[in-house]
Amino acid sequence: MSDFGLCGTCWRDTLFIGGAVCDCCGTPLPGQDEGENLTCDDCMRTPRPWTRGRSALVYKGNGRNLVLALKHGDRQEIAKPAGQWMAQAIADFPKENMIVAPVPLHWTRMVKRRYNQSALLAQALAKHTGLPVCPDLLQRPTRTAPLEGMTREVRFSSVKGAIAIHPRRRHRLVSRPVLLVDDVLTSGATLAVAADACLAAGSGPVYVVTLARAVKDA
């Protein structure tokens, strides 16, 4: 990997999301981008609390490898080009007065992992967009079980109420649009809880961006 992206082989093997996408969750849709606001079946079935969402990569093949290397392999340098890819993914988002916030880790996972991959992504994204970032805007007072392998229903029930606004940071989001950053969007359960917490604390509209999007039959 270079400082600015991927080597030629890795680039060829990485599925970047482009063309028509769901405006809510960023999943790729058939056809070309013709400027319409499209909504996928999942978002029609389960309305999202956030306003718009985007992802840079499909969570498959090298896209999945990049996420896992950042998340579990201590490959923190991946965040630098990832921030640029994510910035491109949200190029059409309205950004006036927007604040960037990562999805938080519970402190026990921070001790084990030593860093929050979502916070690294948020910092890198903020550098490319010029937006302010508040790394501890959100807290995770409740430790939840890993969501990998869980059904959609269990994912949503297991993270309910698990994320809260830092009481000393609430003033930073009041009436402001918030851009939530995470590494991967699967069911959207964690981001939904984070968005709900922001809206309940008096934020403006919430937007989300992730490095990768899990896609059915991708």
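Structure notes:
- Residues of type lysines that LYS71 reaches as a straight line, Cα spacing below 24 Å, ignoring anything fewer than 8 places off in the same chain: LYS60, LYS80, LYS112, LYS127, LYS160, LYS216
- Net charge contributed by nearby residues that have their C-beta within less than 12 Å of ASP23 (K/R +1, D/E -1): 0
- Distance between modelled label sites at ASN37 and LEU199, nm, 7 Å Cα→Cβ extension: 1.4
- Computed over the Cα atoms of the stretch 8-213, the ratio of the radius of gyration to the Kirkwood radius (Rg/Rh) comes to 0.93.
- MET44, MET86, MET98 arranged by Cβ crowding within 10 Å, fewest neighbours leading: MET44, MET98, MET86
FYI, it's all coordinate maths here, none of it is from the lab. Worth saying up front: this structure is predicted, and the values here are computed from it rather than measured. Here the Cβ is made from the backbone with ideal geometry for all residues, glycine too, and neighbour counts use every protein chain on show.
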